[in-house]
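Worksheet: the structure to be examined is printed underneath.
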Amino acid sequence: MAEPVTARRVAADVLACVLVVAALVVPNNLALFGPATLLRIPVEAVAGVALVLVLPPRGRRIVASVAGAVLGVLVLFKIADIGFHRAFDRPFSLVFDWSFAGPALSLLGGFARVAAVAGAVLAAVALVLLTTWAAMRLARLAADHRMVSARVVAVLAVVWIAAALTGLPLASRTTAALAYREVRAVASDLADQQEFAAEMATDAFRDTPPERLLTSLRGKDFLLTFVESYGRVALDDPGVAALLDSGSDRLRAAGFSARSAFLTSSTSGGGSWLAHSTMESGLWVDNQQRYRTFVGSDRLTLSGAFARAGWRTVNVQPENGADWPEGAVYRFGRLYDGRNIGYRGPNFSYAAMPDQFTLSAFHRDEMTPGHVPLMAELDLVSSHWPWAPLPRMVDWGAVGDGSTFTHTGPSVDEVWSDPARVRAAYGDAVEYSLSALISYVETFGDDNLVLVFLGDHQPNTSVTGEGASRDVPVTLVARDPAVLDRITGWGWQDGLRPAPDAPVWPMSAFRDRFLTAFGT
């Protein structure tokens with residue numbers, strides 16, 4: 001029996017229709033959204049109404065409820081895709097990307113973390129219930145007006161086919177395409193484990209004896225330094241470009257030479273651990289499943305090669321405040337993090353301590369007179385999102401425990417109130433991190449220092465825009481000319497700033513080329 005026609009019923013029917021159409025036609029990337037998006041004809045709705053018209057009442061209710069619930073789940077996928085396109089310039093992976101929840105929630109306090117999880121779960125359940133209600137409501141409406149519904153479906157089907165054949169944007173199959181992509185992606189992601197295992201089985205340096213590893217760097221200190229979010233886009237910032245050019249001159253005056261190029265990172269916008277493991281392992285680690293496989297293996301890493309050849313190895317992660325068992329996989333002999341590095345200054349958002357303090361504390365504890373040759377991997381994270389507030393450089397002798405540092409520049413709220421200020425703040429943050437590193441080499445560098453610094457990944461799309469490359473600058477700095485002579489064949493360019501036409505390697509290629517250049 002049909003409901004009596006009332007204003008409340010009409011409002012509910014209109015709301016259900018709007019919800020279903022919007023859920024079907026809204027794309028999973030806001031860059032594809034436009035004013036005409038909601039005017040498109042979703043083929044899923046046309047087919048769905050046609051189906052419920054030929055089903056008996058019980059079958060209609062079952063199909064409508066299942067379709068509504070599935071639609072709600074697909075909307076959740078769309079929301080996740082929108083977020084990942086914004087942050088990482090790629091869609092969400094149902095298999096791999098749950099690992100990003102932990103780092104994201106770690107930015108919140110304990111109560112806020114619980115509230116965020118509870119709120120997300122409740123919102124997801126409410127969304128699925130809402131789309132289920134809307135689908136069942138429309139199914140009943142179609143059944144109550146069978147003849148009218150059949151005519152409307154016939155007209156819309158003809159219009160949709162004509163639009164699809166002529167390329168008009170009226171024809172939408174956004175949600176059906178998303179569902180197909182998710183199924184294909186899950187199958188591909190599950191098969192990726194076997195592909196990666198095959199890649200891991202091949203390692204030209206697995207059995208290289210210690211006496212043949214890194215023979216050209218004996219007696220040198222090697223620093224592998226990741227500068228957070230230092231991507232190719234940073235070179236477009238006038239301040240960063242000017243700093244790199246002046247830094248080249250300053251280091252040249254101090255007796256150092258530099259060669260630069262680009263590496264293509266395995267990630268973008270975040271997931272730094274994927275880039276670090278790619279650089280260290282010589283494997284393309286672009287998802288969490290590959291990362292777990294890698295850290296469960298005995299793969300020879302770059303730091304592991306130094307350890308095998310007799311170097312002392314340390315890792316510095318100032319942003320980390322928890323145990324890191326993966327350090328044993330990399331064969332780091334000493335781990336420094338936010339708990340044991342001795343910082344007593346003010347908090348600088350995600351980057352609790354300034355990069356200058358990180359470099360100063362590392363030098364104080366490890367680069368002591370007469371120390372054994374050292375290999376260190378350092379994270380410089382002052383250039384991590386949200387790029388505010390920033391510290392300012394101080395005299396190295398005044399760094400101490402960090403209490404001398406103060407905030408400068410705009411606050412986080414001020415920066416993120418304006419897209420132009422976001423891009424400017426990003427440039428300022430990268431400029432600060434590079435300033436600290438260049439000044440460190442200029443102040444403390446000696447004949448035995450060999451430095452490789454690079455970005456881990458590009459920043460998110462608030463800075464790069466959609467579709468940017470994943471290239472990051474990479475630079476090798478040394479005072480000993482024999483070190484630079486070993487990489488002449490690489491074709492890298494002079495100075496700290498690579499030109500747009502500088503060589504580009506996959507980040508996974510660096511380990512083997514480095515070990516080949518500096519080994520026997």
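Structural remarks
- Taken over segment 474-520, the criterion of being surrounded by fewer than 14 Cβ atoms within 10 Å (Cβ to Cβ), in a helix (DSSP H, G or I) and among the small types (Gly, Ala, Ser) is satisfied by Ala482, Gly489.
- Considering segment 283-324, the residues that are of a type in the set (Gly, Ala, Ser) and open to solvent by less than 20 Å² (accessible area, probe 1.4 Å) include one that is farthest from Asn460 (Cα to Cα), namely Ala309.
- Asp355 being within 30 Å of Thr404 (Cβ to Cβ), acidic (Asp, Glu), at pLDDT 95 or above and open to solvent by 20 Å² or more (accessible area, probe 1.4 Å): no
- Matching residues in segment 164-175 - criterion: being modelled with pLDDT under 85 and outside any loop (DSSP other than H, G, I, E, B): Ala171, Ser172, Thr174
- Taken over segment 23-36, the criterion of being open to solvent by less than 30 Å² (accessible area, probe 1.4 Å) and farther than 22 Å from Thr461 by Cα is satisfied by Ala23, Leu24, Val25.
- Condition met for Thr166 (among the β-branched types (Val, Ile, Thr) and farther than 19 Å from Val49 by Cα): yes
- Residue in segment 92-100 that is among the aromatic types (Phe, Trp, Tyr) and without any contact (Cβ under 8 Å) to a residue 24 or more places away in the chain present: yes
- Put simply, of Gly83, Gly34 the only residue that is in a helix (DSSP H, G or I) and not aromatic (Phe, Trp, Tyr) is Gly83.
- Residue within segment 365-386 that is farther than 30 Å from Thr301 by Cβ and not charged (D, E, K, R) present: yes
- Residue that is farthest from Pro386 (Cα to Cα), among those in segment 340-368 that are in contact (Cβ under 8 Å) with a residue 12 or more places away in the chain, over 25 Å from the mean Cα position of the chain (by Cα) and part of a loop (DSSP other than H, G, I, E, B): Met367
The values are calculated or read from the model by the stated rules, or taken from the named source; none is laboratory data. Note that the structure is predicted; figures quoted are calculated from it, not measured. With ideal geometry, Cβ positions are generated from the backbone for all residues, glycine too; neighbour counts draw on all protein chains shown. Heavy atoms of the whole protein, side chains included, go into the accessibility calculation; ligands, DNA and RNA do not. Shrake-Rupley method; radii C 1.70, N 1.55, O 1.52, S 1.80 Å.
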